[in-house]
1. Take the residues in the stretch A:23-79 that are in a loop (DSSP other than H, G, I, E, B) and of a type outside the set (Gly, Ala, Ser), then tell me which one is nearest to B:ASP60 (Cα to Cα).
2. Could you list, in sequence order, all residues of the stretch B:198-213 that are crowded, with 22+ Cβ neighbours inside 10 Å and not in a strand (DSSP E or B)?
3. Suppose we filter A:LYS35, A:LYS76 for residues that are without any contact (Cβ under 8 Å) to a residue 12 or more places away in the chain and more than 11 Å from every other protein chain (Cβ to nearest Cβ); which single one remains?
4. Among what's in the stretch B:124-163 and is at positive phi and within 14 Å of chain A (Cβ to nearest Cβ), pick the residue that is surrounded by the fewest Cβ atoms within 10 Å (Cβ to Cβ).
5. Among the residues of the stretch B:78-92, which ones are farther than 20 Å from B:GLU103 by Cβ and of a type in the set (S, T, N, Q)?
6. Answer with yes or no whether A:THR20 is out of contact with any Pro (no Cβ under 6 Å at 6 or more places or on another chain), of a type in the set (S, T, N, Q) and surrounded by fewer than 14 Cβ atoms within 10 Å (Cβ to Cβ).
7. How many residues does the stretch B:210-246 contain that are under 19 Å from the mean Cα position of the chain (by Cα) and of a type in the set (Ser, Thr, Tyr)?
8. Does any residue in the stretch B:191-207 that is assigned by TED's automatic domain parsing to the domain that holds B:ILE255 come within less than 9 Å, Cβ to Cβ, of a residue that is small (Gly, Ala, Ser) and part of a loop (DSSP other than H, G, I, E, B) six or more places away or on a different chain, and which pairs are these?
Amino acid sequence: MKCNLRMCVSLVLFALWLITGITGTILLLGPLTAKLGHPLPVSTADTLHEYFGFAFFGLSVVHVTLNWNALKSYFKRLA
Amino acid sequence: MERKLVVAFILCAILTALPFAVNYANDRISTSSVPSTASSEVVSSNGVYYIGYASSHEGDDILYVVPAEAYVEKPGTLVTINVTVKFKHAQPCPYSNWKITIENPENVEVVNETKTVLKDPYTAFKQYTVKVLGNGSVDVVYHYGTGCPYGTEEKVTVKFYIGKPSGSALNQTSAPPEILNTTSINVTGEIKAVDTLARAVVVGNYTIEIRGRWTGPDNVTLNWREMLSLLQPGKNVTILASEENGSLKADVIIIDGKTYRKG
């Protein structure tokens, strides 16, 4: 299987997106479930969300650069 | 394109490293210290032996209490308890009704407590003064705010003894560290002079101002003049005073075995 940069970046971004989304959901629901007597691992989710979120943000810059031409054409179509 | 990609990867590395760097800097720059007293170190002050500190870290925040144990020479001696909470998240947070309390006092009477102050967004501090009536203990509890998902409470027990600590512990006696004298001091001794113009008494090397209204035994209310008239030169007194605008102001006065509190 051939693995190019675009594919690698997309796959890692996908994993980061998934983790950030799940931990964000845990952070949102944490206070409510704690009141209901079912505490979620909010502390772990908090730490993961912070670190993976910034990694996601950083890799997004690479992703945007790799797809800059396509993005430019989308903006042109808007104008 | 390659140059743009290199720049993009550098930006990516910077952004990914950002939370690590910020958290590291936060730990280094934190202005207030947690108790640095070793858990078995003995500090002697005003005839009280303060031993080590106790901490609790069940949830995300950490409760530190100095001392873990205290030895007093005789019942009725005042002991200062310093309570520090290190928050994981900066204050104010959405669950801001957290509080620090003292519970289950055994042979201990709380004579004074300061307001809880935020030393920085990550540190709260409160000081209690307790009168030790005999061998006993007290629980210091930090309650997380209602609905806080990061924990419910942190609790430590401070123990008090009449007597002196064991010989091996006494060998580690050192001068009182700053953490024991953050807001208030406990002065015991003979009244050298009373200055009615300055509304102050001199005990030892301290000049302590008497201000405002006072409540004595049986809820008797006294004004500053009446309070000052009880303090006569030559009498022995214990005064708990706090520093305010560069001068010492009395909060609690114990004279002839009677306790008078400001307010």
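The values are calculated or read from the model by the stated rules, or taken from the named source; none is laboratory data. These numbers come from a predicted model, not from an experiment. With ideal geometry, Cβ positions are generated from the backbone for all residues, glycine too; neighbour counts draw on all protein chains shown.
1. Only one residue tops the list, namely A:PRO41.
2. B:ILE210 - this is the single residue of the stretch B:198-213 that is crowded, with 22+ Cβ neighbours inside 10 Å and not in a strand (DSSP E or B).
3. It is A:LYS76.
4. Here the answer is B:GLY147.
5. Once the filter is applied, which keeps residues that are farther than 20 Å from B:GLU103 by Cβ and of a type in the set (S, T, N, Q), the stretch B:78-92 yields only B:GLN91.
6. When the stated conditions are applied, A:THR20 does not pass them.
7. Total meeting the criteria: 2.
8. Partner pairs satisfying both residue conditions: B:ILE191/B:GLY234; B:LYS192/B:GLY204; B:LYS192/B:GLY234; B:THR207/B:ALA198.
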